[in-house]
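Please read the structure below before turning to the comments.
Bear in mind that the values in this text are calculations on the coordinates, not laboratory data. For clarity, every value in this text was computed on a predicted model and none was experimentally measured. Here the Cβ positions follow ideal geometry from the backbone for every residue, glycine too, while neighbour counts run over all protein chains shown.
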Amino acid sequence: MNISRTDLNLFVVFEAIYSQGGVTRAAEVLHLTQPTISHALGRLRDRVGDPLFVRHGQRLVPTPLADRMIGPTREALKLFQRTLGELDGFDPLTAEMQFSIGMRALMEASFFLPLVRLLNSAAPRVMVSSVPLDRRRIEADLSAGELSAAIDIFLPLGEDIRREHLSTSRTVVVARQGHPQVVGQITLGSGPINRLEIALVACFKSPNFQGVS
DNA sequence: ATCGGTACATCCCCTGGCTG
DNA sequence: CAGCCAGGGGATGTACCGAT
């Protein structure tokens with residue numbers, strides 16, 4: 001295949017369809033229409049001589065070739081992205097950028113406000129928005145650029161997801177001395193704690209963030 | 001069995017870039 | 001400047017699934 005005769009945008013479309021699991025959702029994240037994505041997929045199918053995705057009910061399932069292509073494609077797209085980023089340069093004081101950070105409500109109270117305060121001084125023109133996090137879609141949303149980053153508990157994710165430890169939290173139970181239902185060893189999995197109405201309070205402490213929710 | 005909703009494919013047209 | 005070609009989008013067809 002001659003790369004000079006190949007529209008490299010087709011690989012952006014391919015990656016979006018693979019990540020989103022469908023043409024329509026790929027169109028949404030790329031801000032194009034469904035027929036446009038369908039046309040692009042058709043052109044890529046012609047180029048590689050493989051359907052790449054086959055319909056399985058209402059889903060598009062990647063073919064073995066698509067499974068083989070997705071890794072190198074993502075690597076290449078990341079390289080392009082990094083190269084363009086380096087060309088643009090980055091100065092936090094003047095950068096005008098927008099980031100979407102996925103997090104759950106509990107995390108939001110602890111991390112988001114400190115982050116906004118930090119950015120106000122370090123990167124005043126950078127906008128961040130907090131997006132409700134769907135754990136089942138973290139990898140897909142990060143790959144598609146729907147999320148710039150996500151803050152959550154440690155989860156088993158793919159190797160291409162870069163992660164950093166932000167804080168450690170401890171769970172404690174507070175009850176009056178001699179409470180009849182809180183005796184002996186207490187666990188989260190079973191036992192008396194499950195029968196009680198409890199208030200869940202999370203405390204986070206880290207070098208970068210401090211907060212209580 | 002039928003109907004409505006969802007999703008992908010295809011047809012057709014428009015637009016913009018390239019070339020002679 | 002005209003003709004060609006590729007890409008994008010609207011409209012429509014087709015297939016599938018779930019509810020009734």
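Hey, how much of the P(r) for region A:3-88 falls beyond 16 Å, as a percent of Cα pairs?
Pairs farther apart than 16 Å: 53 percent.
If I take R0 = 22 Å and measure r between the Cβ atoms of A:D46 and A:V12 in this structure, what FRET efficiency does the formula 1/(1 + (r/R0)^6) give, to the nearest 0.05?
E between A:D46 and A:V12, to the nearest 0.05, is 0.80.
Which value, in debye to the nearest 20, describes the size of the charge dipole of region A:98-151 about its Cα centre when Lys and Arg Cβ atoms bear +1, Asp and Glu Cβ atoms bear -1, and nothing else is charged?
Once rounded to the nearest 20, the dipole reads 120 debye.
Alpha carbons only, please: Rg and Dmax for region A:98-151, in angstrom.
11.3, 34
Considering only the other residues whose Cβ falls under 14 Å of the Cβ of A:L115, what net charge follows from Lys and Arg at +1 and Asp and Glu at -1?
With Lys, Arg at +1 and Asp, Glu at -1, the neighbours total -1.
Need one number: convex hull volume per residue for region A:4-162, Cα atoms only, in Å³.
Each residue corresponds to 137 Å³ of Cα convex hull volume.
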